[in-house]
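One structure is given below, encoded as structure tokens.
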Amino acid sequence: MIKAKCPVCGGEVTLPDDVMPGEVVEHDCGVTLEVVKDGETIKVKPLEGVGEDWGE
Ligand SMILES: [Zn+2]
């Protein structure tokens, strides 16, 4: 398993070993995250553009 840190809530995000950059995962806090590769490090960032409705 690969562990990354959620940039939104700071919690741990667990990813499968064979996760590919560009994959989209949902975190427990409700945010949608995109997997990105930074050198040899797998990270996640909030997925932009695909709008969850934040409820105005
Ligand atoms: Zn989170």
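The values are calculated or read from the model by the stated rules, or taken from the named source; none is laboratory data. None of the values given here were measured: they were computed from a predicted structure. With ideal geometry, Cβ positions are generated from the backbone for all residues, glycine too; neighbour counts draw on all protein chains shown.
Computed values, structure above
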{"read-out": "Check on Leu33, buried (at least 16 other Cβ atoms within 10 Å of the Cβ) and modelled with pLDDT under 95", "value": "no"}
{"read-out": "Matching residues in region 4-39 - criterion: being of a type in the set (A, V, I, L, M, F, W, C) and part of a strand (DSSP E or B)", "value": "Ala4, Val13, Leu15, Val24, Val25, Leu33, Val35, Val36"}
{"read-out": "Meets criteria (touching a strand residue (DSSP E or B) at 6+ places or on another chain (Cβ under 6 Å) and either loosely packed, with under 10 Cβ neighbours inside 10 Å or in contact (Cβ under 8 Å) with a residue 12 or more places away in the chain (or both)) for Pro21", "value": "yes"}
